[in-house]
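Just so you know, all these numbers are worked out from the coordinates, no wet-lab data involved. In this text the structure is predicted, and so the values were computed from the model without any measurement. Don't worry about glycine lacking a Cβ; one is built from the backbone with ideal geometry, like all the others, and counts go over all protein chains shown.
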Amino acid sequence: MARLLEPRQFIQVLSGPRQVGKTTLIEQAAKRCQLPTNYASADEPTLRDAVWIEQQWQVARAMSRSVAAGGALLVLDEVQKVPGWSEVVKRLWDEDTRTQRALKVVLLGSAPLLVQKGLSESLAGRFELFRLPHWSYSEMREAFGWSVEKFVLYGAYPGAAVLVGQPQSQHQSQHQRWMRYIRDSLIEPIISRDVLLLSRVDKPALLRRLLELGCEYSGQILSYSKMVGQLQDAGNTTTLAHYLELLAGVGLLTGLEKYSPSLVRRRASSPKLQVLNTSLITSVRELVLKQASRDTALWGRLVESAVGAHLANAAALGECRLYYWRERNVEVDFVVEKGDQVLAIEVKSGRQAARRAGMSAFARQFMDARKLLVGGDGVDLELFLSTPVAEWFED
């Protein structure tokens, strides 16, 4: 966030899932700027409105008048929860622009789809958007000293990292404490605050069951008709597709499309379910490291989901586009597209023969595609998770 130190030009917008460090990042930037700061959050039980934004803005304006030319900093957290927020921000920002007021403004939001909608509707040309994904393996290793095995099992929520290895009581294991934190303090607030309060969801119980199903089947291709069979009161496939889009928008679960040069075939394909943070799998399944590592098939699924989450978070940043590929009974785990370049990725697991056949079939159909094996005698898993996705396209 070094741009906060520059002269006032744009509204700075940080958008990303809960618990990826948006607020902490801004706090650190504010200290570095050494500017008086008014931080206010709309993430409260009582609803905020346009008047609340104006009040916080006036407080920051008063701060900017009482200091030197450097001005002041206004931070509005979870701003997407205020009805009509973008129109109010536009009016106040334009007022300050006309009067040349030295007030820097930062907006934070944990529902990227809703934040983007407000920006495009009212704030065109006035903002600079920074997308923050889930933490990478390199960040978790640097901050907490995690091994790659620990990262695969416990995922990438930095706030939960301190609970790994700290039992709450003699009657509760360290994993149980961590698991309850993920469920109660992360997943449930994301569902109840970021989805149910901000989007129309006629069947909230179905939304929660869809998330559980996605955690159970992460890394597997599952048609919407099969999902209907797995879920009670599932409604129609259109509803499930919409709910899956909502879960992707808050950084929990996405559905990858099948790779095809035809846009119509991509959109009509069955989704490959992919969690965006592997902690979702282990918290729902109540897994511990020893148990998971002894079950080779399960560990293989966790590793594949960790690779998929690494790629999906890069795609969420706009660095690439992510798909899977399957024809008849052969498949390729992931297909990454960057510009006109295509990279096919296989993650070594128990289905080695089928995977080799899938890569060969894909190579015959898409001869210009690059190929990459992760794990086994291919690229080391730790190296792959430590490397930015874009670098695998470089010669």
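Note that the range 239-378, at 37 °C in a medium of 0.692 mPa s, gets a Stokes-Einstein diffusion coefficient of 208 µm²/s from its Kirkwood radius over C-alpha pairs. As I understand it, the value is the acute angle between the Cα axis of helix 296-316 and the longest principal axis of the Cα atoms of the chain; what does it come to in degrees, rounded to 10? Roughly 40 degrees, rounded to the nearest 10. Relative to the longest principal Cα axis of the chain, at what angle does helix 112-122 sit, 0 to 90 degrees, rounded to 10? Taking the Cα atoms of the chain, the angle to 112-122 is about 40 degrees. Relative to the dominant Cα principal axis of the chain, helix 85-99 is inclined by about 50°. Note on Arg32/Glu54: beta-carbon distance plugged into 1/(1 + (r/R0)^6) with R0 of 30 Å gives a FRET efficiency of 0.60.
Subtracting the Cα-Cα distance from 0.36 nm times the residue separation, let me have the gained length for Thr238 to Arg267 in nm, one decimal.
Between Thr238 and Arg267, full extension yields 9.2 nm more.
Working from label points 7 Å from Cα in the Cα-to-Cβ sense, the Asp94 to Ser386 distance is 5.1 nm.
Spin-label model, Ala205/Asp377: points 7 Å from Cα along the beta carbon direction are separated by 5.3 nm. Here the chain yields Rg over Rh of 0.99, to two decimals, using C-alpha coordinates and the Kirkwood radius.
Given the alpha-carbon gyration tensor of the range 54-105, what are the semi-axes of its equivalent ellipsoid in whole angstrom, ordered largest first, with each equal to the square root of 5 times an eigenvalue?
Working: eigenvalues 81, 30, 12 Å².
Rounded to whole Å, the semi-axes are 20, 12, 8.
Let me have the relative contact order for the range 2-131, percent, based on Cα pairs under 8 Å that are six or more residues apart. Can you show the working numbers first?
Details: 204 pairs, mean separation 49.7, N = 130.
RCO, the range 2-131: 38 percent.
With 10 Å bins beginning at zero, the pair-distance distribution over Cα atoms of the range 69-156 amounts to 14, 36, 22, 18, 9, 1 %. Estimated from the Cβ-Cβ distance and a Förster radius of 45 angstrom, the FRET efficiency linking Arg328 and Glu121 is about 0.50. Taking Lys and Arg as +1 and Asp and Glu as -1, the other residues whose beta-carbon sits under 14 Å from that of Leu222 total +2. When you restrict to C-alpha pairs under 8 Å that are six or more residues apart and normalise by the size of the chain, the relative contact order lands at 13 percent.
For a test of the definition: using alpha carbon positions, the gyration tensor, and the 1.5 limit on a/c, classify the range 2-131 as rounded, prolate or oblate.
Working: a/c = 1.42, a/b = 1.24, b/c = 1.15.
Rounded is the answer for the range 2-131, as its axis ratio a/c remains below 1.5.
A P(r) calculated from all alpha carbon pairs of the range 234-311, with 5 Å bins opening at zero, reads 3, 14, 19, 20, 18, 13, 8, 4, 1 percent. Spacing of the modelled spin labels on Glu188 and Asp395, each 7 Å from Cα toward Cβ, amounts to 5.6 nm.
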